[in-house]
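The values are calculated or read from the model by the stated rules, or taken from the named source; none is laboratory data. As the structure is a prediction and not an experimental result, all values here were calculated from the model. In this analysis, Cβ positions are derived from the backbone assuming ideal geometry, glycine residues included, and neighbour counts consider all displayed protein chains.
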Amino acid sequence: YNSINRIRCGRKIVNPQLNNVRKKHPEEFKTAIKSLQIINEKFAVEMPIDEAGFLAVFFSMDFIGGNTKVQVIVIAHGTSTATSMAETANRLLGIGSAAYGIDASLDESPQSVFKRLKGHLERRPAKAGLLLLIDMGSLMNFAPAVQKELGINTKAIPLVSTLHVIEAARKASLGYSLEYIYNQTLSIRDITAEEFHSTPSKSRLARMFIISICTTGEGSAALIKNILDSQLNYHGSMCETIALKLTDIESINERLNTISKIGRIICIISSFNVDFPAAHYSLSEIIEGGSLTQIQKTVDSECTLESIGNTFSTMLKNADGEKLLSAVRGTVGCIETGSGLTLALDVKIGLFCHMGCMVDRLLSNSGINEFPDRENYIKDKSDLLNVIRESCAILERSFNILIPEDEICYISTFFTYENCVH
């Protein structure tokens, strides 16, 4: 809920552990990618790929429990105010004890409440830190008192709501630091205010295009555009269908090349043969509806891959994220075309992250991992490796690097039968 609200308010969510989560929980990550697509469709939002990392950790069960995570304790006045908020958060998150509630009756002294808090912390030490979510009054003084008497790094947030508890418990369960959880939970107040008072942001420019071509640009091309506009989910304004007039082949190729510099052309719909590296569909395939499902899948996949851009920026130290993502996408596309193998979406995301980190390491002259039994592997996979070497020239030219044979071999391991679409 909070993540969806953040996206609607134009706030970015960054998961610095995305690549590590993908490696540690590959099946959960695959499920998370599919879940994001459902969320995007049902709630008309564009969830960043970072959120797949958060979901993947939730889908795995080995992150629950232990004393190595920040403790979240709710303290509020009333017979069951704090415990009810904590229980609600725990049930919504599906976690037994992500948040703990301490109810303070109106006639109970602060000293008595603090004694109960201290007793809880002595039984269950908060080794990674403590976040107190307080409703009001002198209870805010508990944070410095806990820090002084128990030596626990403690922060407190006043005027707590159930949304604060859910957000704090969620972040704590994922193993984030106290400082990060504190800042993210504080932002809840800003988000809820923006829901009512924010002004709409400017529409994003389309980053991918479907091209419809006819002799006038107003006949069948316009008809196809109207069909696609009414039938496809463009994910906001990330995708756009353009109707073009065909005067001659040279002029249409020039137009396509110009458009491809602005964004990615994902398919072309026309009765004419156009020599351009994109999927082609005939007018009848669109009018009869047979290809709409495939085009929608392509749009969904492309939108998901586009969302990796922000993540790249947080993962890299030595390369421009947007430039690197574009180069990696081009490289992987060349490998798929040359090998005749098409990676599944979740595997492709994993390969993007892998290659991005690889380029970043090479730019910093960091060491590389040797590929086991490399010489025999090269003999066995020579055809695929040749395609990868040729395709990686894009990355080598763009970033002035030389990709070692070990890395070429590691890239090839993504292109297994199980990882590809058949």
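Annotations
Table: residues versus (1) more than 18 Å from LEU341 (Cβ to Cβ); (2) aliphatic (A, V, I, L, M).
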{"site": "LYS379", "(1), (2)": "yes, no"}
{"site": "ARG389", "(1), (2)": "no, no"}
{"site": "ALA393", "(1), (2)": "yes, yes"}
{"site": "GLU396", "(1), (2)": "yes, no"}
{"site": "ASN400", "(1), (2)": "yes, no"}
{"site": "PRO404", "(1), (2)": "yes, no"}
{"site": "TYR410", "(1), (2)": "no, no"}
{"site": "PHE415", "(1), (2)": "no, no"}
{"site": "VAL421", "(1), (2)": "no, yes"}
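- The range 393-422: number of residues that are touching a strand residue (DSSP E or B) at 6+ places or on another chain (Cβ under 9 Å) and surrounded by fewer than 16 Cβ atoms within 10 Å (Cβ to Cβ): 1
- Among the candidates ALA76, ALA86, residue that is surrounded by 13 or more Cβ atoms within 10 Å (Cβ to Cβ) and part of a helix (DSSP H, G or I): ALA86
- Pair list, Cβ under 7 Å, 6 or more apart: the range 258-272 residue farther than 22 Å from LYS297 by Cα, other residue surrounded by 13 or more Cβ atoms within 10 Å (Cβ to Cβ): SER271/SER282; SER271/LEU283; PHE272/ILE213; PHE272/LEU246
- Filter result (in a helix (DSSP H, G or I) and either among the basic types (Lys, Arg) or in contact (Cβ under 8 Å) with a residue 24 or more places away in the chain (or both)) within the range 364-382: ARG374, TYR377, ILE378, LYS379
- Taken over the range 1-56, the criterion of being among the small types (Gly, Ala, Ser), loosely packed, with under 14 Cβ neighbours inside 10 Å and at pLDDT 80 or above is satisfied by ALA44 alone.
- Matching strands (runs of 3 or more DSSP E) fully within the range 214-300 where at least 3 residues are within 22 Å of CYS334 (Cα to Cα): 264-270, 279-281
- Residue check, ALA243 within 23 Å of GLU390 (Cβ to Cβ) and among the hydrophobic types (A, V, I, L, M, F, W, C): no
- Which listed residue, of VAL165, VAL113, is of a type in the set (A, V, I, L, M, F, W, C), within 14 Å of GLN71 (Cβ to Cβ) and in the same structural domain as HIS77 (by TED's automatic domain parsing): VAL165
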